[in-house]
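J.: Sharing a structure, written as structure tokens. Questions coming.
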Amino acid sequence: MIRYEVADRIGTITIDRPEKRNAMTYAMLAEFIETVREAGADDTAHVVIVTGSGGSFCAGTDLSDLATIPGPSRGVRGEAEQADVWWPIVQCPKPVIAAIDGAAVGMGAEFTSQCDVRIASTRARFAWNFAHRGLVPDTGAGTWLLPRLIGLPAALRLLYSGEFLSADEALALGYVAQVVEPEALPDAARAAAERFLKGSPLSHRLIKQLAYEGLQRDVLAHMKHHVEALQQCFRSEDHKEGVAAFLEKREARFTGR
């Protein structure tokens, strides 16, 4: 199952099937996608954490469930244009932090690539083992986002070999921002989220959109969208509040408008 809860403007999505190391069935995947959409639309959550239960992040697709689906239909859950189906976390208009404990394998590794920031425990391990199953990375993140995150040679080494990447190796590659002991992981993720809470939700939404869409635009096209976003910011309540908070020497109270 997928759990979602909000506390102090931080939403937490938990993949909760510890007896199977949080491996995803098709039903769970549909629930996960819908829960990410829910968190994205939830005005009470300004930052989102994605994590797993029971000492694992997500062991990928449940192959016993996969075997019940006809071969040509497996994994094809939408048209290429349906970005919120393939990359729900990227499409979430809020900062998303992955708190990774234990295995993040296959689809689980793909989900970590879709997150904006990754914090790992010392026992976290990542593997894009699709070539071992005669597949390519199932969400497309491994072949598009991963090379942009850690560089093409490192990404191809991981994709070709399917080998595990340790937490320390992921830190050295810049794939994760921090490695902590397992018991410290929830607090480390919340501390990162709390730092983001100091920013404007409107700014976060526009920054995320500009950053990801900018990966596929030329500079001129990017700057056109940048100017539009900047104009939107100048007209916003959040900008007025940010300036007022600075002048009045207080914490800003942003509304996302």
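J.: Taking the Cα atoms only, what angle lies between the long axis of helix 152-161 and the longest principal axis of the chain, rounded to 10 degrees?
T.: 30
J.: What number, in nm² with one decimal, is the all-direction average of the projected area of the convex hull of the alpha-carbon atoms of region 164-217?
T.: Taking the Cα atoms of region 164-217, their convex hull projects to 5.3 nm² on average.
J.: Where Lys and Arg each count +1 and Asp and Glu each count -1, what net charge lies around A245 among other residues with Cβ under 9 Å from its Cβ?
T.: Result for the local shell: 0.
J.: Mean shadow of region 2-196, computed from the convex hull of its alpha carbons, in nm²?
T.: For region 2-196, averaging the hull's shadow over all directions gives 10.1 nm².
J.: On average, how much area does the Cα convex hull of region 105-257 cover when viewed from any direction, in nm²?
T.: 11.1
J.: Where Rh is the Kirkwood radius over the Cα pairs of region 201-247, the temperature 20 °C and the viscosity 1.002 mPa s, what D in µm²/s does Stokes-Einstein return?
T.: Rounded, D is 188 µm²/s.
J.: Same structure, new question: If I fit a long axis through the Cα atoms of helix 141-150 and take the longest principal axis of the Cα atoms of the chain, what angle between them do I get, 0 to 90°, rounded to 10?
T.: So the helix axis and the longest Cα principal axis differ by about 60 degrees.
J.: Take Y4, Y160, Y175 and order them by how many other Cβ atoms sit within 10 Å, fewest up front.
T.: Ordered by Cβ neighbours within 10 Å, fewest first: Y160, Y4, Y175.
J.: Ranked by Cβ crowding within 10 angstrom, fewest neighbours first, how are H204, H222 ordered?
T.: Placing the least packed residue first, the sequence is H222, H204.
J.: Please label the shape of region 134-180 as rounded, prolate or oblate, based on the square roots a ≥ b ≥ c of the eigenvalues of the alpha-carbon gyration tensor (a/c under 1.5 means rounded; beyond that, a/b larger than b/c means prolate, else oblate).
T.: Prolate, since a/c reaches 1.5 and a/b exceeds b/c.
Any read-out appearing in this document is the output of simple, stated calculations on the displayed coordinates, not a laboratory observation. Bear in mind that the values here come from a model prediction, so they are computed numbers and not experimental data. Ideal geometry is used to build each Cβ from the backbone, glycine not excepted, and the neighbour counts take in all protein chains shown.
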